[in-house]
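Engineer: What follows is a structure written as structure tokens; I'll ask about it next.
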Ligand code: C2O
């Protein structure tokens, strides 16, 4: 294994999209940001130099960070922000992962423009468990606001409503031809140029802030081989679903001979929320075949018929549940699925939107957030501290920073998917769950319909988990566990908690530190749909959190 080193210079830059220019925060003058490439087992060293006027912090989404929580990145969870003019070196080893992950800013809404791919190749000499593709291409979905995204969220938090939805989706930063741009060329379109008969691996990443997306390419199928940097049993689909935070590697085989057509690839949202609370536009890119009759780089025929794929309806929940049920771990001797068969700690979390008491009945309790939207896990709307939780934990100074009494079950049980309002009470808190090293954890996340049933893509830092079960309605502890898949469940770091349904995950707490867990819809994070786990050190030397690096930022 090797050491791969990167320098990330964070600065603002003017970028034009949808006929307008604005100043955005980017890395190394690139939007989207540079690709971090490594092999499984490599040590990755990234020096982040903050030349922007914003506090910054970078998260390596999905990287296990075994014992290296100091490099995980969520601001006020594992580190204080890197202040303007300061720098911080993130150092971590890629352990037991291969596929695609990604990095993004993890402070406020800066990830809207500060993101890029992480490509993890297998160890040198180790092949893929499928035929090697001719070429590999990252494909990142994002969202574009004409307004400044920091202004969008701070305004929403002050006035208490939902923020303005984005003006466009993007593929690799480009909104594509379906948006209305007055001047020709201003919509900048992502194009994938292919040769007949060749197989391409698309490393698909959903970096959008607030939208789960369907994706399809007209006239072609997609063979999914890896999700969240874990191989799966290959499945071939026409359309895939990807939630914010997730990654999906697909093989795309170009037609055997020049087809005389050009194909749209399109992504559009999946949502059961009220329209107007999300961006329901469609982004397109173009799949273009190299024309054998004019093989120069200019030899792409511009006047071919352009075919569109058919995407599911925006609220096609049954498509989504069928799709997610098809994803299975490879579970071979070489790539085993180490699903905990016994459980040490069981949790049942409600996840959903709620309101602070006065928004329902007018009885305000306290100065902050009272009349605004809130989102909560087990009725607790999580509040970030003003210092970093990991430091407080490591130095044993958690008093006044966080408490260890996160409720293992909701305040009072209720009909979670029944007619609202039911148990809408939310209180603010910085409350954590403490786990012992090595605990086998089962967590059932129940989506509620308090303010409309909506799917929530939950992301756990520091771990992969196995998705052992999912269903609609209220989770039934007497019946549902009997249907768990403990043999080859999909292993990932982000899972959609179904709208008006539940999902059960299991993981082994083998990574000491403090680990954030949250909905990856950014507006829900802002409203408090997040919490954190403390995993204590084990007794053996290699079961302990490493000491903090000397350049760890201070608050
Ligand atoms: Cu990709 Cu805590 O996030």
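Engineer: Within the stretch 184-201, identify whether any single residue is within 23 Å of residue 494 (Cα to Cα) and within 19 Å of the chain's Cα centre (by Cα), and answer yes or no. Give the steps one after another, and end with the answer.
Structural biologist: Going residue by residue through the stretch 184-201, those that are within 23 Å of residue 494 (Cα to Cα) are 201.
From the residues that got through so far, the ones that are within 19 Å of the chain's Cα centre (by Cα) too are none.
Within the stretch 184-201, none of the residues are within 23 Å of residue 494 (Cα to Cα) and within 19 Å of the chain's Cα centre (by Cα).
Engineer: Same structure, new question: When the residues of the stretch 113-123 are narrowed to those that are surrounded by fewer than 24 Cβ atoms within 10 Å (Cβ to Cβ) and part of a loop (DSSP other than H, G, I, E, B), which ends up nearest to the ligand (Cβ to nearest atom)?
Structural biologist: So, considering only residues that are surrounded by fewer than 24 Cβ atoms within 10 Å (Cβ to Cβ) and part of a loop (DSSP other than H, G, I, E, B), the one nearest to the ligand (Cβ to nearest atom) is 122.
Engineer: State all residues of the stretch 235-285 that are modelled with pLDDT of 95 or more, part of a strand (DSSP E or B) and within 12 Å of residue 194 (Cβ to Cβ); if no residue qualifies, say none.
Structural biologist: 252, 253, 263, 265
Engineer: Quickly run through the stretch 487-510 and pick out the residues that are part of a loop (DSSP other than H, G, I, E, B) and more than 16 Å from the ligand (Cβ to nearest atom). Show your work before the answer.
Structural biologist: Taking the stretch 487-510 as the starting set, the residues that turn out to be part of a loop (DSSP other than H, G, I, E, B) are 487-488, 490, 493, 498-500, 509-510.
Correct list: 487, 488, 490, 498, 499, 500, 509, 510.
Engineer: Then there's this: What tally of residues in the stretch 29-41 results from selecting those that are closer than 18 Å to residue 143 by Cα and outside any strand (DSSP E or B)? Explain how you work it out, then say what you get.
Structural biologist: Looking only at the stretch 29-41, we keep the residues that are closer than 18 Å to residue 143 by Cα, and these are 30-34.
Those still in the list that are outside any strand (DSSP E or B) too: 31-34.
Qualifying residue count, the stretch 29-41: 4.
Engineer: Does at least one position in the stretch 221-230 carry a residue that is surrounded by 19 or more Cβ atoms within 10 Å (Cβ to Cβ), touching a strand residue (DSSP E or B) at 6+ places or on another chain (Cβ under 7 Å) and more than 22 Å from residue 61 (Cα to Cα)? I'd like the intermediate steps shown before the answer.
Structural biologist: The initial filter retains those residues of the stretch 221-230 that are surrounded by 19 or more Cβ atoms within 10 Å (Cβ to Cβ), namely 222, 224-230.
When the remaining residues are screened for being touching a strand residue (DSSP E or B) at 6+ places or on another chain (Cβ under 7 Å), the result is 222, 224-230.
In the following step, the residues that additionally are more than 22 Å from residue 61 (Cα to Cα) were identified as 222.
Checked against the condition, which is being surrounded by 19 or more Cβ atoms within 10 Å (Cβ to Cβ), touching a strand residue (DSSP E or B) at 6+ places or on another chain (Cβ under 7 Å) and more than 22 Å from residue 61 (Cα to Cα), the stretch 221-230 yields at least one hit.
Engineer: Determine if the stretch 124-133 includes at least one residue that is touching a residue at least 12 places away in the same chain (Cβ under 8 Å), within 16 Å of the ligand (Cβ to nearest atom) and within 30 Å of residue 263 (Cα to Cα).
Structural biologist: no
Engineer: Is one or more of the residues making up the stretch 18-28 within 16 Å of the ligand (Cβ to nearest atom), within 26 Å of residue 249 (Cβ to Cβ), in a strand (DSSP E or B) and in contact (Cβ under 8 Å) with a residue 40 or more places away in the chain? So that I can check it myself, show each step before the final result.
Structural biologist: Of all residues in the stretch 18-28, those within 16 Å of the ligand (Cβ to nearest atom) come to 27.
If we keep only those that are within 26 Å of residue 249 (Cβ to Cβ) too, we end up with 27.
Filter once more, so that each one left must be in a strand (DSSP E or B): 27.
Add one more test, that the residue is in contact (Cβ under 8 Å) with a residue 40 or more places away in the chain, and what stays is 27.
Yes, because at least one residue in the stretch 18-28 is within 16 Å of the ligand (Cβ to nearest atom), within 26 Å of residue 249 (Cβ to Cβ), in a strand (DSSP E or B) and in contact (Cβ under 8 Å) with a residue 40 or more places away in the chain.
Engineer: Among (1) at negative phi; (2) surrounded by fewer than 17 Cβ atoms within 10 Å (Cβ to Cβ), where does residue 490 come up short?
Structural biologist: (2)
Engineer: Can you run down the residue pairs with Cβ atoms below 7 Å, 6 or more apart or on separate chains, where the first is in the stretch 506-523 and not assigned by TED's automatic domain parsing to the domain that holds residue 59 and the partner is assigned to a helix (DSSP H, G or I) and away from the ligand (no atom under 15 Å from the Cβ)?
Structural biologist: 512/543; 514/393
The values are calculated or read from the model by the stated rules, or taken from the named source; none is laboratory data. As the structure is a prediction and not an experimental result, all values here were calculated from the model. Quick reminder, even Gly has a Cβ in these numbers, built from the backbone with ideal geometry, and neighbours come from all protein chains shown.
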